[in-house]
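Only one structure is covered here, and it is reproduced in the block below.
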Amino acid sequence: MKVIALGEPMVELNALTPGPLRYVNYFEKHVAGSEVNYCIALSRLGHRCSLIARVGNDEFGKNIIEWLRGTGVETSKIKVDSSSYTAVFFIQRHFPIPYESESFYYRKFSAGSKLSPEDIEEDFVKQADLVHSTGITLAISDTARDAVTKAFATAKRKSFDTNIRLKLWSPEKARETIMRLLKEGVEVLITDKDDAKILVNESEPEKIKKAFMDYCKILVLKMGKEGAAVFKEEESYYIKGYNVPVEDVTGAGDSLGGTFLGLYLNGYSLDKALKYGVAASALNVMIRGDNENIPFLEEIERFIKSIER
């Protein structure tokens, strides 16, 4: 299927050693961003994904476009903005909480934050089978928020990952903005317990389901190392997480969500699509970087077979 995603691609500088960044001397460069990760996951499952975005006219912007082309993501709608720069962020790993990662953003006034309704070509959006975005894009600027609103108003089908980043906005602003968007309804809503607590003041899966099902047809609840759940009307499926060595958790939720979404569009049952999504997430946390380990279908099947034998 043809999928369009809207969001900000960035360059990630991931610490080669764990601990506080003030003592880290070497970093590894990756292309990153939630919608980038979704597009790569969808591409690896056979879908045609186009990213609507902006990058700076700089080496990092060129890196992003070349990387996406190499992964099969369509880049014709990524504008090169000579008036601003490509955003970067740094990853601190295993400090102060073991097995967790923390992001430090340098993205204010970036080219990606200048995404606007002018970037949304209605005819292009109308021909897509699905349009996807996240709460991160709503948070980076008012114009980016308006771009998502315009694209969603035109889309045939919509998916949305709440992806609240409190370094980008307040809980109150996140709740107000995301819930306003969700009132128009989406087909697939992807969230986690922390976001649900902010948005609907619930943290128990069945209560989260009840609170969100008026806004979507299918709800995916990411639960970290516990696994994930998916809900549709009277259906509920829970998939346990896999016990794997953790290098960096950045991008794991996108790997789960993007893999689930790709297989759902391919006609997989909800429970199987979620099981494969949880496996993709497990593969992702074993390496540094957002998307290098987002798997192809045969790799997911090999992983599951090796774990369950």
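Quick note: the coordinates plus some simple rules give every number you see, no bench work behind them. All figures in this text were calculated on a predicted structure; none of them were measured in a lab. Cβ sites come from the backbone with ideal geometry, for glycine too, and all protein chains shown count toward neighbours.
Numerical summary
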{"item": "At R0 = 22 Å, FRET efficiency that the Cβ-Cβ distance of Asp271 and Glu226 yields, to 0.05", "result": "0.85"}
{"item": "Exceeding the 24 Å Cα-Cα cut-off - candidates Lys150/Lys207; Lys156/Lys193; Lys108/Lys225; Lys210/Lys272; Lys193/Lys217; Lys167/Lys222", "result": "Lys150/Lys207; Lys156/Lys193; Lys108/Lys225"}
{"item": "Shape call, the range 82-162: gyration tensor on alpha carbons, a/c limit 1.5", "result": "oblate"}
{"item": "Average projected area [Cα convex hull, the range 2-308], square nanometres", "result": "14.5"}
{"item": "Cβ crowding within 10 Å averaged over residues, with 16-29, 136-149 ranked highest first", "result": "136-149, 16-29"}
{"item": "Expected 222 nm ellipticity per residue - DSSP helices of 4 or more, -39500 (n - 2.57), all of the chain, to 500", "result": "-11500 deg cm²/dmol"}
{"item": "Simple spin-label estimate for Ile304 and Glu206 in nanometres, 7 Å along Cα-Cβ", "result": "2.7"}
{"item": "Cα-projected label distance for Thr143 with Asn243, points at 7 Å along beta-carbon direction, nm", "result": "5.1"}
{"item": "Relative contact order of the chain, defined on C-alpha pairs under 8 angstrom at six or more residues apart (%)", "result": "16"}
{"item": "Cysteines in the chain that, by Cβ-Cβ distance, have no pairing candidate under 4.7 Å", "result": "Cys216"}
{"item": "Members of Lys62/Lys275; Lys183/Lys305; Lys62/Lys126 lying beyond 32 Å, as alpha-carbon distances in this model show", "result": "Lys62/Lys275; Lys183/Lys305"}
{"item": "Relative contact order computed over the range 155-309 (Cα-Cα under 8 Å; 6+ residues apart), in percent", "result": "16"}
{"item": "Cα-based shape type of the range 1-158, given that a ≥ b ≥ c are square roots of the gyration tensor eigenvalues and the cut on a/c is 1.5", "result": "prolate"}
{"item": "Inter-probe distance in nm under a simple model that places probes 7 Å from Cα toward Cβ, at Met213 and Arg165", "result": "3.3"}
{"item": "The chain - charge dipole about Cα centre, Lys and Arg +1 at Cβ, Asp and Glu -1, debye rounded to 20", "result": "80"}
{"item": "For the range 124-133, Karplus couplings with θ = phi - 60° (6.51, -1.76, 1.60), whole Hz, Gly/Pro x", "result": "5, 5, 4, 7, 7, 6, 8, 10, 10, 7"}
{"item": "Interchain or long-range residues, amide H under 5 Å from Arg54's placed H", "result": "Lys79"}
